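Below is one structure, written out as structure tokens; comments come after it.
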Amino acid sequence: MLHDARRATRVDAAGVLVTLEHQDRGRWDTGEIAEGAEILERALLEGRPGAYQVQAAIAACHATAAKAADTDWAQIVALYDRLAQLVPSPVVRLNRAVAVGMAEGPQAGLALVDGLAESGELDGYHLLPATRADLLRRLGRDGEAADAYRQALDLAANDSERRYLAGRLAEVS
């Protein structure tokens, strides 16, 4: 419910992906968010949080922030720490790196992403170079960001994501 509440804002009229920070929160379904948060609260009161509850708590942090700048990134990092214990996967570590990049700055996130890249665990996964590109862009390292966006474009299969990545590439080229 927490994810579905923002379904209408995930792509623009041209079918281009709209990132969470740029989605029109005024168009999110607040009733669905409230219901999802209530269900999550009841589940957490059981005292046995599993991977789905932790993922829902991350979604709730995003969905309940009035604007992107209000997002509690430190809490999201802590939730990803817990999720990584429950589901020790490189994708969870990549998502945690994004949260660290938002909480502590892009250089901190980039160090984690580069460690994942060196491990080879996410070779062929388009979101690894896409994440790296975004962090590099935020650091003002446009040439490196452009290379990473090109790599992500080569790997992405979803047209909406490809259009988004092409747009970002054009911004840094």
Practice problem: For residues that are among the hydrophobic types (A, V, I, L, M, F, W, C) and without any contact (Cβ under 8 Å) to a residue 12 or more places away in the chain, scanning just the range 22-64, find the one that is nearest to Pro88 (Cα to Cα). | Solution: Leu45
Practice problem: Only residues in the range 104-125 that are within 17 Å of Pro88 (Cα to Cα) count as the first member; pair them with residues that are open to solvent by less than 60 Å² (accessible area, probe 1.4 Å) and assigned to a loop (DSSP other than H, G, I, E, B), Cβ under 9 angstrom, at least 6 apart or cross-chain, and list the lot. | Solution: Leu116/Leu122; Glu121/Ser89
Self-check item: Wholly enclosed helices (runs of 4 or more DSSP H) of the range 89-173 bearing at least 3 residues hydrophobic (A, V, I, L, M, F, W, C) and open to solvent by less than 20 Å² (accessible area, probe 1.4 Å)
Solution: 90-104, 106-119, 127-138, 142-155
Self-check item: Criterion violated by Ala66 - all others in (1) open to solvent by 50 Å² or more (accessible area, probe 1.4 Å); (2) more than 28 Å from Thr9 (Cα to Cα) satisfied
Solution: (2)
Quiz prompt | Verdict on Gly50 being within 13 Å of the chain's Cα centre (by Cα), open to solvent by less than 30 Å² (accessible area, probe 1.4 Å) and of a type outside the set (Val, Ile, Thr) | solution = no
Exercise. Could you look through the range 67-77, keep only residues that are in a helix (DSSP H, G or I) and within 15 Å of the chain's Cα centre (by Cα), and pick out the one that is farthest from Ala56 (Cα to Cα)?
Key: Ala69
Quiz prompt | Hey, Arg82 under 18 Å from Leu135 (Cβ atoms), open to solvent by 60 Å² or more (accessible area, probe 1.4 Å) and part of a helix (DSSP H, G or I) or not | solution = no
Quiz item: Quick one: is Ile39 more than 20 Å from Ala78 (Cα to Cα) and either surrounded by fewer than 18 Cβ atoms within 10 Å (Cβ to Cβ) or in contact with an Asp or Glu (Cβ under 8 Å, 6 or more places away or on another chain) (or both)?
Solution: yes
Exercise. Tell me which residues, restricted to the range 98-108, are under 16 Å from Ala130 (Cβ atoms) and either touching a Lys or Arg at 6+ places or on another chain (Cβ under 9 Å) or of a type in the set (D, E, K, R) (or both).
Key: Gly101, Pro106
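The values are calculated or read from the model by the stated rules, or taken from the named source; none is laboratory data. Small disclaimer: the values here were computed from a predicted structure and weren't measured. Here Cβ is always computed from backbone atoms with ideal geometry, including for glycine, and neighbour counts include all displayed protein chains. The protein model used for the area step is the full one, side chains on, heavy atoms only, and it has no ligands, DNA or RNA in it. Shrake-Rupley method; radii C 1.70, N 1.55, O 1.52, S 1.80 Å.
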